[in-house]
Structure formats: structure tokens, C-alpha cells
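Nothing in this text is a laboratory measurement; each read-out follows from the coordinates by a stated rule. The structure presented is a predicted model; accordingly, all values stated were derived computationally and were not measured. Here Cβ is always computed from backbone atoms with ideal geometry, including for glycine, and neighbour counts include all displayed protein chains.
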Amino acid sequence: MFINNNVTCYYEEALKTKGFPYAVVSGINIIDLASGDLTSFYLDVWTDEKAAGATEQLEALCDELRESLHNATISVAGSFAAHIGFENQNSINESEFDLSHRRLSFAARIFYY
């Protein structure tokens, strides 16, 4: 279920020397609800478009991430429980023409107890 089991993942920014593919968690938004929090976040996935089979690899990786995170639950006894849901996936145009970029959007409901 964890992202790093599928692809190396960073928070907000990747290392410039990192090889492809990689993912970055970004755009975290937390909304306070009466019974917990609603959190939305992006999972941006990049690959080198010039590499052989890069587009297929990127799509397969996005499929794996979506399948492993959608409807996932995380809980820590006596602290919180959370449910993650997939929202959407978009292809992002890059100014760097040799990069392929997909953005997956997720939402998590977090309940504290």
C-alpha cells in the first residue's frame, strides 16, 4: 500500500540527480471537519519520455499506485483511522519536452479517537 513500494517518492520536491521514474507528493490541503479532517493531495509521477517504453511504464505505474491507494485504510489504535480515495488522473504538459508527467489526485478522510 505504501507509495515507496511501487516507486521512489519525495515530498514536494525531487532530487535533481534522481533517476526516473519517481513520484512527488504535493498540493496537500487539509480541511477541518467536525468529526476529523478531509485531506486532498496530488501524487505527481515523472518518467524520461526518451526512454524505450516510457509511456507504457508511466501508465502501468500510475495504475499500480491508483489500485494500491484507492480504498486503502490506515489506522493507529487509540489515535486515528483514515480512508484514502482516488479522485482523478491528468496528463500534465511539461516545459521540458523530454519528461512525461501524470498527476493523480487523492482525498483522505481522517478520523481521530
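Relative contact order, whole percent, for the chain stands at 27, derived from Cα pairs under 8 Å and 6 or more residues apart. Extension gain for Val25 to Leu99 (0.36 nm times residue separation, less C-alpha to C-alpha distance): 24.9 nm.
Taking all Cα pairs closer than 8 Å and separated by 6 or more residues, the relative contact order of the range 1-60 comes to 25 percent. Note on the chain: the C-alpha convex hull projects to 7.6 nm² when averaged across all orientations. In this Cβ point-charge picture (+1 for Lys and Arg, -1 for Asp and Glu), the chain has a dipole of about 280 debye about its Cα centre. Taking amide H atoms as placed 1.01 Å from N in the peptide plane, the amide H of Thr8 lies under 5 Å from those of Ala23, each 5 or more residues away in sequence or on another chain. Farthest towards the positive end of the charge dipole of the chain, among the residues Leu15, Leu61, Leu38, is the Cα of Leu38, using unit charges on the Cβ of Lys, Arg, Asp and Glu. Taking a label point 7 Å from the Cα of Ser35 along the Cα→Cβ vector, which residues of the range 56-81 have an amide N closer than 14 Å to it? 81, by backbone N distance to the label point. Calculate the FRET efficiency for Glu87 and Ala51 from the Cβ-Cβ distance with a Förster distance of 30 Å, rounded to the nearest 0.05. It comes out at approximately 0.60.
Among beta bridges identified by DSSP and lying wholly in the range 3-112, the antiparallel ones come to about 95 percent. Enumerate by residue number the trypsin sites (Lys or Arg not before Pro) in the range 31-113 meeting two conditions: DSSP loop (anything except H, G, I, E, B), and at most 11 other Cβ atoms within 10 Å of the site's Cβ. Within the range 31-113, the qualifying trypsin sites (Lys or Arg not before Pro) (loop, at most 11 other Cβ atoms within 10 Å) are Lys50. Per-residue ellipticity at 222 nm computed for the chain from its helices equals -4500 deg cm²/dmol, with DSSP H segments shorter than 4 residues left out and the rest contributing -39,500 (n - 2.57). As I understand it, the value is the acute angle between the Cα axis of helix 54-69 and the longest principal axis of the Cα atoms of the chain; what does it come to in degrees, rounded to 10? Helix 54-69 and the main axis of the chain meet at about 10 degrees.
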